[in-house]
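**Q** Just dropping this structure here.
Each value in this text was obtained by applying a stated rule to the coordinates, not by laboratory testing. All values derive from a computational prediction rather than experimental measurement. Here Cβ is always computed from backbone atoms with ideal geometry, including for glycine, and neighbour counts include all displayed protein chains.
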């Protein structure tokens, strides 16, 4: 009996030790359940800490509203104020600015990644402008474009276009030369190689580039709305600050995060649907 | 034997801003119709460059290459090419990869339904010949390396090219798969009556496949020796153990060592051994 007990004790100990080792292996393996468990810890602990800090009275509500306050604020924003309208105008600005960038950046990036002289003409300039902060263009944009919708869209365009061009060009350059040369030996002309090989081959990377720059577009949107707007989620956050409605600031930030997350997931879904060969093994 | 490919005083210099590298110097060679010719040599001997010049993917700096007595000045559908890897289109299924050249032609010229049917028939025939019929709807990345190269070969063969250029096509495969591919490509060679120009760094592969083996030497890249392979056209794996095969293999290997300019430095080896022993005693 006692022998048995100590034996199982050793077994439990060695099981825990093995589990511990497996979890902390470099590039190790985690089952889906284990992943969800750790992810839940990572999400819930900060949330619980926020809840506790806000409700314990250690911090003033003016500085740190509780999660419940924020939820209530979102509800009232939706019921009594124009949350949908604010979100809609922001989504509209992001989408238009982003699409304008994409429509111009994708063809230009493909040409830069395909033909050396075009690279030499455009890349140094683009690289230079890329390092100019888009936010610093706001006064200039207001001077040139005015303060209506165009200015917000222009800021988003400036913030995303130049990055996008360079990333698209890089995606295109990563198309294996063997794929291009194989097409050449099968009799493809330059136009066919660009449209039937280079573009097709780079498509998955291009969609990822669009997904990443979409995130940046949201950042520039909020900046533009904070400086030069009287509607939108960014403007709502700024207004909330003037009235010391900290819970609304929280609400606005969380809403922007949620919309961004949804858009990101939509891009990922489109990726899975459009490029099945990447997901079949 | 009438000449399919005629190489006259071919030269190729790669110029960069810093220096010029002579990849090919005064290469002269005739390759006959329906010949299987293989190229071996130390790295930097220009064997791949020569192949790419025949394919029209590189242009010569001097001399000329004639195919069917017409000077090569770019790629053409009469010369199909198989690369070592990464040449398949991962977004197309196996059968669509194989039919890619047909799609290009339809894209340019349009095609009658009977033409499309003939192409489909040939694609099906190649699929079953290559043992790919059961994976025709699969994507390339679902296949093993050996299967992927079969797709690449089938794709190259679809438009019935007169010449098949192969640039180390089995270089990335394991030894067993490579043997299977050797017999497959010999079978295809007898069936399709193409001319095959095959570049490899594997001497055994070069002898087993080739009717002639061209040994190239580096700095500057040039033809060193051309060996006739003393084996019947119908080959089998057993022949690799025959005395003639082994003798030729020895001869070529030692010639590659002589021409590579990379001699093992005995002094250096001895010094390294002494140093290792010293460090152990500390």
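**Q** Restricting to DSSP H runs of at least four residues, report the calculated mean residue ellipticity at 222 nm for chain B, -39500 (n - 2.57) per run over all residues, nearest 500 deg cm²/dmol.
**A** -12500 deg cm²/dmol
**Q** Related question: What is the diffusion coefficient of segment B:135-266 in µm²/s, taking the Kirkwood radius over Cα pairs and the Stokes-Einstein relation at 37 °C with a viscosity of 0.692 mPa s? Intermediate results must be reported in sequence, preceding the final value.
**A** Values: Rh = 16.4 Å.
Value of D from the Cα-based Kirkwood radius: 200 µm²/s.
**Q** Taking R0 as 41 Å, what's the FRET efficiency between residue B:115 and residue A:88 from their Cβ-Cβ distance, rounded to 0.05?
**A** Values: r = 53 Å, r/R0 = 1.30.
Plugging the Cβ-Cβ distance into 1/(1 + (r/R0)^6) gives 0.15.
**Q** Now a separate question. As a test of the definition: which semi-axes, in Å, follow for chain B when you take the square root of five times each eigenvalue of its alpha carbon gyration tensor? Largest first, please.
**A** 36, 24, 20
**Q** Would you mind calculating the gained length between residue B:253 and residue B:141 on full extension (0.36 nm times residue separation, minus the Cα-Cα distance), in nm to one decimal?
**A** Taking 0.36 nm per residue and subtracting the Cα distance, the gain is 36.7 nm.
**Q** For helix B:100-109, what angle does its Cα long axis make with the longest principal axis of chain B, in degrees from 0 to 90 and rounded to 10?
**A** It is inclined by approximately 50 degrees.
**Q** So, one more: Let me know the shape class of chain A, please: from the alpha-carbon gyration tensor, a ≥ b ≥ c as square roots of the eigenvalues, rounded when a/c is under 1.5, otherwise prolate if a/b is greater than b/c, or oblate.
**A** oblate
**Q** What is the distance in Å between the Cα centres of segment A:79-135 and segment B:12-89?
**A** Going from one Cα centre to the other spans 43 Å.
**Q** Mean-square fluctuation check for chain A, GNM, Cα pairs under 10 Å: which of A:17, A:73, A:242 is largest?
**A** Looking only at A:17, A:73, A:242, the largest GNM fluctuation is found for A:17.
**Q** On C-alpha positions alone, give me the angle between the axis of helix B:145-157 and the longest principal axis of chain B, in degrees, nearest 10.
**A** Value to nearest ten degrees: 60.
**Q** Still on this structure, please answer the following. Test of understanding: ordering A:281, A:203, B:12 by Cβ neighbours within 10 Å, fewest first, what list do you get? Show your work: numbers first, answer last.
**A** Numbers: A:281 7, A:203 15, B:12 23.
Ascending number of Cβ neighbours within 10 Å: A:281, A:203, B:12.
**Q** Quote the relative contact order of chain B in percent (integer), defining contacts as alpha-carbon pairs under 8 Å separated by 6+ residues.
**A** 25
**Q** When chain B is treated as a GNM, springs tying every alpha-carbon pair under 10 Å, which of B:178, B:18, B:70 comes out with the largest mean-square fluctuation?
**A** B:18
**Q** Place a label point 7 angstrom from the Cα of residue A:53 along the Cα-to-Cβ direction, then list the residues of segment A:222-264 whose backbone nitrogen is under 20 Å away.
**A** What the label zone holds, given the 20 Å backbone N cut-off, is A:241, A:244-258.
**Q** Also, I was wondering about something else. Taking Cα atoms, how many degrees apart are the long axis of helix B:243-260 and the longest axis of chain B, rounded to 10 and kept between 0 and 90?
**A** 70
**Q** If you don't mind, another one. Pop a pseudo-label 7 angstrom from the Cα along the beta-carbon direction at both residue A:132 and residue B:271 and give the gap in nm to one decimal.
**A** Each label point is offset 7 Å from its Cα along the Cβ direction, giving 5.8 nm.
**Q** Right, next: Hey, how many Å between the Cα centroid of segment A:22-60 and the Cα centroid of segment B:137-168?
**A** Computed from Cα coordinates, the inter-centre distance equals 50 Å.
**Q** Between segment B:175-200 and segment A:195-210, what is the separation of their alpha carbon centroids in Å?
**A** What the calculation gives is 34 Å, centre to centre.
**Q** Taking N as the number of residues in segment B:129-190, what is its Cα Rg relative to 2.2 N^0.38 Å?
**A** 1.09
**Q** Once you average over the residues of B:82-90, how many Cβ atoms of partner chains fall within 10 Å of each Cβ?
**A** 5
**Q** Something else now. Which order results if A:25, B:259 are arranged by neighbouring Cβ count within 10 Å, fewest first?
**A** Starting with the residue having the fewest Cβ neighbours, the order is A:25, B:259.
**Q** Have a look at A:214, A:226, A:43 and tell me which one the Gaussian network model of chain A (Cα, springs below 10 Å) gives the largest fluctuation.
**A** Highest fluctuation of the listed residues: A:43.
**Q** Taking the beta-carbon count within 10 Å as an exposure proxy, list B:116, B:214 from fewest neighbours to most. Working shown, then result.
**A** Values: B:116 13, B:214 23.
The fewest-first ordering by Cβ neighbours comes to B:116, B:214.
**Q** Mind jotting down the three principal axis lengths of segment B:222-267 based on Cα atoms? Whole angstrom, largest first.
**A** 45, 25, 12
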